[in-house]
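The values are calculated or read from the model by the stated rules, or taken from the named source; none is laboratory data. What you see is a predicted model; the values in this text were computed from it and never measured. Cβ: placed from backbone, ideal geometry, glycine included. Neighbour counts: every protein chain shown. All accessible areas refer to the heavy atoms of the entire protein, side chains included, with ligands and DNA or RNA removed. Shrake-Rupley method; radii C 1.70, N 1.55, O 1.52, S 1.80 Å.
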Amino acid sequence: MYKRQLHRRMKKIIGQLNAVDKMVDQDIPCEDLLIQINAAKSALHKLGQIVLEGHLRHCVKDGIAHGDADKTIAEFTKVIEQFSKI
C-alpha cells in the first residue's frame, strides 16, 4: 500500500510537470506558470515528507530497537539535513 501511495503521488507530480511544459509552449502568462510550478514543488515536498515519515517509522525505529541507536540517530540527522535543503 505504501508503494502504491508513492507511485500515485509521483504520477500526479509528473502530470503537473507535463502540464507546466505544455504551458510554456502555449505562452501562458508567467504568473500562471509560476503558480503551477509552485504547486508541483509543493507536491514533491509532500512526497518527501511521506518518505521521510516512512523512514522514521520503519528504518529508524528498527535501527534504534535492534541496532546502534547513536549511529541510527546520526544517520537520520543527515537525512533530515538533506531533505531540508529542498
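Kindly check whether there is at least one residue in the range 16-24 that is under 15 Å from the mean Cα position of the chain (by Cα) and either open to solvent by less than 90 Å² (accessible area, probe 1.4 Å) or free of Cβ contacts under 8 Å to residues at least 40 places away in the same chain (or both). Yes, the conditions are met somewhere in the range 16-24.
Could you list, in sequence order, the residues of the range 25-49 that are open to solvent by 70 Å² or more (accessible area, probe 1.4 Å) and in contact (Cβ under 8 Å) with a residue 40 or more places away in the chain? If the condition is that a residue be open to solvent by 70 Å² or more (accessible area, probe 1.4 Å) and in contact (Cβ under 8 Å) with a residue 40 or more places away in the chain, then LEU44 is the only one that fits.
Applying a threshold of 6 Å to beta carbon distances and a minimum spacing of six or more residues, or different chains, the list of pairs starting in the range 71-86 at a residue that is more than 15 Å from GLU53 (Cβ to Cβ) and ending at one that is open to solvent by 60 Å² or more (accessible area, probe 1.4 Å) and among the polar types (S, T, N, Q) is empty. Determine whether PHE83 is under 24 Å from ARG8 (Cα atoms) and aromatic (Phe, Trp, Tyr). Spelling it out, PHE83 is indeed under 24 Å from ARG8 (Cα atoms) and aromatic (Phe, Trp, Tyr).
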